[in-house]
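Step one of this worksheet: look at the structure below.
The values are calculated or read from the model by the stated rules, or taken from the named source; none is laboratory data. Only a predicted model underlies this, so the values are computations on that prediction, with no experimental measurement involved. In this analysis, Cβ positions are derived from the backbone assuming ideal geometry, glycine residues included, and neighbour counts consider all displayed protein chains.
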Amino acid sequence: MEETLSVSVIFPCYNEERNVEKAVSETLDTLGDLELEVIMEEDGSSDRTAEIARSLADGDPRVRALSFPGARLGRGGGFLKGAEVASKDVIVLMDADLAIHPRHVRDALERIAAGADLVIGSRNAHGGRRIVNQTWARVLTGVVYRTLVRLLFFLPHSDFQCGFKVMRRRILDDIDLTHWDWEFDTELIWKVHRAGLVIEEMGIVWTERGDSRLHIFPDALRMLRGLILLRLGR
Ligand SMILES: Nc1nc2c(ncn2[C@@H]2O[C@H](COP(=O)(O)OP(=O)(O)O)[C@@H](O)[C@H]2O)c(=O)[nH]1
Ligand SMILES: [Mg+2]
């Protein structure tokens with residue numbers, strides 16, 4: 001009999017007042033038949049993200065709002081704060097702008113039930129595509145980043161940065177994640193890979209929303225520095 005998995009969807013949010021409501025409602029509508037919790041984690045925002053998330057949490061017991069005002073923790077840091085309180089079998093990391101639609105979670109769950117420990121969304125794998133492209137500068141940075149990661153870490157995957165990662169919650173217990181900035185996903189994949197766990201890539205449809213919190217300069221330089229430190233074990 002196939003295992004029925006419960007799911008915690010985590011949205012790390014930084015200044016997402018325009019997106020939180022839709023992210024929550026679309027997730028509940030799409031995955032409402034599952035045993036589900038939706039965790040809206042916010043840090044360092046200067047807009048109404050925390051307030052909106054709190055009112056969504058007040059209106060539905062499946063929704064939880066976490067807020068860390070003051071310092072920005074990074075997408076990875078925010079995700080880990082959410083993961084600390086996540087209570088279900090499987091954790092899903094998604095972007096609040098829904099560049100990837102929550103319907104993809106179902107396919108990922110099937111793969112987890114069949115034995116994968118981590119499923120990573122890929123715009124470049126079979127079945128993956130971009131509906132609205134990113135700017136040429138982002139696409140170029142993505143290609144350079146991917147090549148660098150493959151060379152530095154000997155990883156075979158086709159997309160490290162895609163904002164869609166689905167994992168058994170228990171795998172996080174044994175993995176120490178210290179890079180909270182944009183290179184977070186690479187650290188996750190590398191350490192899960194090194195631990196000998198099963199990673200599967202899954203093609204996903206990506207719709208660029210054109211409102212990024214990533215600024216190529218200085219973020220690309222910080223990512224490069226982060227990657228090198230990660231490789232050096234720091
Ligand atoms: N909690 C938290 N989330 C962040 C931070 N920086 C970015 N994010 C979130 O990470 C996700 C991806 O960010 P986005 O700007 O869409 O990046 P892009 O699509 O890769 O250009 C979104 O849900 C952001 O709100 C941060 O410092 N803290
Ligand atoms: Mg985005």
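One line per residue, one yes/no per condition, for (1) under 20 Å from Ala86 (Cβ atoms); (2) at pLDDT below 95:
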{"site": "Gly127", "(1), (2)": "no, no"}
{"site": "Leu140", "(1), (2)": "no, yes"}
{"site": "Phe184", "(1), (2)": "yes, no"}
{"site": "Lys191", "(1), (2)": "yes, no"}
- Message: Residue under question is Arg48, and the condition is that it be charged (D, E, K, R), under 14 Å from Glu16 (Cα atoms) and within 16 Å of ligand 2 (Cβ to nearest atom); does it hold?
- Response: no
- Any residue in region 70-86 that is β-branched (Val, Ile, Thr) and modelled with pLDDT under 95? no
- For Gly128, state whether it is touching a Lys or Arg at 6+ places or on another chain (Cβ under 8 Å), within 20 Å of Ser158 (Cα to Cα) and either within 12 Å of ligand 1 (Cβ to nearest atom) or in contact (Cβ under 8 Å) with a residue 60 or more places away in the chain (or both). no
- Item | Conditions (1) surrounded by 17 or more Cβ atoms within 10 Å (Cβ to Cβ); (2) more than 17 Å from the chain's Cα centre (by Cα); (3) within 24 Å of Tyr14 (Cβ to Cβ): number failed by Leu148 | (3)
- Message: All but one of (1) of a type outside the set (Ser, Thr, Tyr); (2) in a loop (DSSP other than H, G, I, E, B); (3) within 16 Å of ligand 2 (Cβ to nearest atom) hold for Gly127; state the number of the condition that does not hold.
- Response: (3)
- Would you be able to tell me the number of residues in region 75-116 that are under 15 Å from Leu172 (Cα atoms), within 16 Å of the chain's Cα centre (by Cα), crowded, with 16+ Cβ neighbours inside 10 Å and not β-branched (Val, Ile, Thr)? 10
- Message: Against the condition hydroxyl-bearing (Ser, Thr, Tyr), surrounded by 20 or more Cβ atoms within 10 Å (Cβ to Cβ) and outside any loop (DSSP other than H, G, I, E, B), how does Ser8 come out, does it pass?
- Response: yes
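The rows are residues; the columns are (1) away from ligand 2 (no atom under 16 Å from the Cβ); (2) β-branched (Val, Ile, Thr); (3) over 20 Å from Cys13 (Cβ atoms).
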| position | (1), (2), (3) |
| --- | --- |
| Ile91 | yes, yes, no |
| Leu98 | no, no, no |
| Ile112 | yes, yes, yes |
| Asp117 | yes, no, yes |
| Asp174 | yes, no, yes |
- Pick out the one residue from Arg64, Arg18, Arg72 that is within 15 Å of ligand 1 (Cβ to nearest atom) and closer than 20 Å to Arg168 by Cα. Arg64
- Note on the structure: When (1) more than 16 Å from ligand 2 (Cβ to nearest atom); (2) surrounded by fewer than 17 Cβ atoms within 10 Å (Cβ to Cβ); (3) not in a loop (DSSP other than H, G, I, E, B) are applied to Glu2, the one that fails is (3)
